[in-house]
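Just so you know, all these numbers are worked out from the coordinates, no wet-lab data involved. Note that the structure is predicted; figures quoted are calculated from it, not measured. All Cβ positions, glycine included, derive from the backbone under ideal geometry; neighbour counts span all protein chains shown.
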Amino acid sequence: MSNLKPVLQTWATAERLPSLNPSAHVDSRNACKACGLGMGGQRGGRTNELDQFPSICRKSLQAHSSDTQGPIPVEVFDHPLAELAQLSGHELEHLGRLNTVLHKAAGEDRYRPLGWDQALVLMAGKFRAADPDRTFFYTSGRSSNEAGFVLQLMARLYGTNNVNNCSYYCHQATSVGLQTTVGTGTATLDLEQLVNSDCIFVIGANPSSNHPRFVTLLKACRDRGGQVIVINPAKEPGLVTFSQGVGASEYLQPKIGSDLWLLQGLAKAVIEGRHTDQGFIDAHTEGFAAFRADLEATSWASIAVQTGLAEDRIRALADLYARADHAVFAWGMGVTHHLHGAANVEAIANLALLRGMVGKPAAGLLPLRGHSNIQGMGTVGVKPTLAAEVLDHLEKTYGVRLPQTKGMDTLACLEAAAQGNIDAALMMGGNLFSATPNSAWAAATLDKIGFKVFLTTTLNRGHVVGMETSEALILPVSARDEERQPTTQESMFNYIRLSDGGPVRLDHVRSEVEVLCGLAEALLPGGPVDFSLFRQHSHVQQAIAAAIPGMAPLADISQTKQEFTVGGRLLTRPEFATATGRARFAVRAAPETQASAAFPFVLASVRSEGQFNSIVYDEADKFRKTSTRWCVLMNRMDIDALGLEAGGRADVSSPVGQMRGVLVYEYDVPRGNALTYYPEANVLIGTAHDDRSKTPAFKSTAVAIRATGELR
Ligand code: SF4
């Protein structure tokens with residue numbers, strides 16, 4: 001048996017690819033497998049909800065190129081885990097599609113092929129032997145609403161609320177911050193309203209890399225005479241210029257982690273400039289007096305110091321906002337990935353409320369959600385706490401008492417595992433190892449989980465790291481456009497897409513719903529739910545329609561083929577689902593910088609154009625002009641002050657880890673700030689998180705940067 005690395009180098013991926021027909025893919029009636037903007041579905045991949053016909057998106061093709069790979073040759077699994085673990089995420093992804101059930105016994109050094117029937121028996125036996133409270137169930141946004149609903153119902157009938165999804169590492173701060181202010185957890189407007197807005201804020205997001213067609217909508221706003229205001233510490237070329245020489249009208253670069261100060265400064269300037277909509281504030285909100293008093297007590301000098309932005313600049317931006325009639329606030333994980341992520345989201349809502357920009361058409365709040373069905377996962381109950389009415393419905397429908405104990409979020413599950421308190425876990429999609437901060441801790445923690453099951457289409461580092469002593473099962477599943485029955489997904493505009501599925505490309509993969517029903521039948525025989533019925537997706541759709549508010553049209557979607565907006569989500573009138581029916585201004589203390597004498601830089605981890613979440617398609621980033629992901633992007637003056645050179649090497653260290661020998665790039669970021677690529681940067685990032693949302697602070701880690709060799 002030869003060493004794996006050299007074998008891969010001579011094994012050109014292109015030779016293993018079946019012919020990729022991009023137009024056949026994008027025109028198939030399936031929701032895009034990449035971002036949460038939610039293209040595709042019954043209109044095909046080049047047409048949006050408004051029947052507009054935009055361009056092909058490279059992100060969508062990247063996801064498709066991965067799914068159309070040939071199967072991983074089984075000889076690869078002759079190699080021990082230690083060799084597989086030497087492969088990068090990019091190399092593992094490009095090994096091909098998984099087409100073999102794989103089992104690694106505890107203490108063995110490699111995976112071995114296993115039959116589907118044996119795998120199901122093994123899996124059911126392991127979960128049956130475990131205390132449900134010592135297990136967890138995790139999903140990504142790749143899976144369908146149908147699979148998510150079956151998974152969460154099975155887990156709860158089994159006996160645990162330890163059910164969560166990858167948004168607990170991404171946008172949970174959004175859900176918390178929106179609930180406290182406007183009484184919802186998702187976008188308050190749809191695409192139709194967005195295209196009628198005259199001002200769009202893009203805060204802490206880089207849609208040119210992560211939501212490409214959103215940039216088309218930004219350009220359209222500029223073309224109709226509207227403003228696009230970008231707030232981002234990094235000057236991202238794809239936002240400076242959208243296309244054809246048109247780009248952001250204003251681009252503010254606050255220091256990393258100073259968002260709350262800037263948002264408070266903007267609110268202060270709006271109030272001081274008498275730009276508030278006092279009629280709206282009086283009639284539809286509460287808490288304004290306390291909010292105004294807090295801003296009055298916040299000095300402009302402190303705002304300027306913390307943000308690195310002059311008072312005049314912030315006032316000018318507030319004046320621009322004041323001229324808008326229909327403003328939309330969009331944001332990404334640059335807002336949520338902080339110790340104060342939920343407070344950041346509340347501050348955005350505050351700013352919108354000041355001018356009555358929530359609760360009317362063509363204005364509102366728009367979190368830019370990551371994966372194509374991550375919002376749907378929350379909607380169908382893949383979360384630790386079900387809404388009371390959903391819990392009540394499920395209990396009455398199935399005549400059961402479901403667990404009442406508080407379930408654990410994603411990080412809490414990992415922390416429990418670190419304490420040796422998790423015996424079994426099921427992970428449907430995603431890459432929990434790579435997504436978790438503090439990589440060394442994550443690997444050791446995952447290995448403490450005695451038995452892990454992964455449902456996946458390709459291999460990733462989460463399948464080969466954190467595995468040394470524990471037992472694991474990998475189950476190969478269908479991609480969305482290979483499903484034999486239609487599935488549904490929810491976009492970030494609360495729009496439910498219907499995906500037809502399509503031809504199965506590999507002979508040993510199974511639908512996730514089929515796998516979960518097989519597990520549920522074996523694990524819960526004679527239980528109150530006949531999971532064999534759920535093998536028909538239409539039955540799952542009817543169950544979701546009955547249980548989940550706003551989802552009634554799902555009941556017969558397989559006949560009607562009618563996609564729809566989830567009921568009760570859009571706020572076109574100022575009627576808020578809070579206890580008083582009024583929106584609430586939130587008052588939160590703005591934080592001090594994370595930097596310290598020992599770790600004087602604040603570092604944000606970022607994604608590249610050539611990746612999607614933790615999946616890396618290309619080493620290079622065509623927007624930032626980086627050729628390797630093992631790099632740090634810094635301000636020119638910091639490079640000089642440290643005696644470094646652009647194109648040279650540096651070591652980056654934090655209290656939890658080091659990245660040695662990273663390539664130094666000059667980049668337009670504030671002094672004292674730096675960027676590195678996620679998930680590689682997770683070796684530096686600790687598990688500190690926003691207390692209210694549990695979202696880790698992936699984008700504000702204090703680090704030291706030195707010339708390579710100076711670190712001890
Ligand atoms: S913008 Fe997002 S949803 Fe639309 S095609 Fe691109 S990746 Fe897919």
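About its Cα centre, how strong a charge dipole does the chain have in debye, to the nearest 20, once Lys and Arg get +1 and Asp and Glu get -1 at the Cβ? Before the final figure, lay out the partial values.
Numbers: 65 positive and 71 negative charges, 84 e Å.
Dipole size: approximately 400 debye.
Once you reduce the range 236-279 and the range 302-322 to the center of their Cα atoms, the two points are 8 Å from each other. Among 185, 237, 137, whose Cα lies farthest out toward the positive end of the dipole of the range 127-250, if unit charges sit on the beta carbon of Lys, Arg (+1) and Asp, Glu (-1)? So the residue furthest toward the plus end is 137. Based on alpha carbons, the Rg and Dmax found for the range 172-367 are 15.3, 46 Å.
Normalised by residue count, the chain yields a Cα convex hull volume of 148 Å³ per residue.
Take every Cα pair under 8 Å in the chain that's 6+ residues apart, average their separations, divide by the length, and report that relative contact order as a whole percent.
20
Counting every other Cβ atom within 10 Å of each residue's Cβ, 236, 575 order from fewest to most as 575, 236. Adding -39500 (n - 2.57) for every DSSP H run of four residues or longer, then dividing by how many residues the chain holds, sets the calculated 222 nm ellipticity at -9000 deg cm²/dmol. Expressed in units of 2.2 N^0.38 Å, where N is the residue count, the Cα radius of gyration of the range 601-707 is 1.03.
The loop-placed trypsin sites (Lys or Arg not before Pro) in the range 296-402, going by DSSP, that have at most 14 neighbouring Cβ atoms within 10 Å of their Cβ come out as 323, 401.
Here the 3J(HN,Hα) profile of the range 430-445, calculated from phi with Karplus coefficients 6.51, -1.76 and 1.60 at θ = phi - 60°, is x, 8, 4, 4, 5, 7, 8, x, 6, 4, 5, 5, 4, 5, 5, 5 Hz, Gly and Pro shown as x. Scalar couplings 3J(HN,Hα) for the range 205-214, obtained by applying the Karplus form with A = 6.51, B = -1.76, C = 1.60 to θ = phi - 60°, are 8, 10, x, 4, 8, 10, 9, x, 6, 5 Hz; x denotes Gly and Pro. Footprinting exposure proxy ranking of 90, 689, 171, fewest other C-beta atoms within 10 angstrom first, gives 90, 689, 171. Taken one residue at a time, the phi angles of the range 582-597 give Karplus couplings (6.51, -1.76, 1.60, θ = phi - 60°) of 10, 6, 10, 6, 9, 10, 9, 6, 7, x, 7, 5, 7, 5, 9, 4 Hz. Gly and Pro are set to x. In this calculation the C-beta distance from residue 597 to residue 640 is compared with R0 = 22 Å, giving a FRET efficiency of 0.60. Here r is the Cβ-Cβ distance between residue 320 and residue 272 and R0 is 22 Å; the resulting FRET efficiency, rounded to 0.05, is 0.90. Between the amide H of residue 454 and those of 427, 473, 474, 475, distances stay under 5 Å, these residues lying 5 or more places away or on another chain, with hydrogens modeled in the peptide plane. For the range 613-650, the set of trypsin sites (Lys or Arg not before Pro) satisfying both a DSSP loop assignment and a count of at most 16 other C-beta atoms within 10 Å is given as 622, 625. For the range 478-530, the list of trypsin sites (Lys or Arg not before Pro) that fall in a loop by DSSP and count at most 15 other C-beta atoms within 10 angstrom reads 484.
When only the Cβ of Lys, Arg, Asp and Glu is charged (+1, +1, -1, -1), the dipole of the range 391-489 relative to its Cα centre reaches about 100 debye.
Charge tally around residue 254: other residues with Cβ under 15 Å, Lys/Arg +1 each, Asp/Glu -1 each, net 0.
For residue 295, neighbours were defined as the other residues whose beta-carbon sits under 9 Å from its Cβ, and their charges (Lys and Arg +1, Asp and Glu -1) total -1.
Computed over neighbours whose Cβ is under 10 Å from that of residue 459, the net charge equals 0, Lys and Arg +1, Asp and Glu -1. For the pair the range 512-532 / the range 589-618, the C-alpha centres are spaced 42 Å from each other. When 94, 371 are sorted by how many other C-beta atoms sit within 10 angstrom of their C-beta, beginning with the fewest, the order is 94, 371.
Among the listed pairs 235/622; 126/383; 255/694; 360/383; 255/699, a Cα-Cα separation exceeding 18 Å is found for 126/383; 255/694; 360/383. If you average the alpha carbon positions of the range 174-207 and of the range 49-82, how far apart do those two centres end up, in angstrom? Measuring centre to centre over Cα atoms gives 30 Å.
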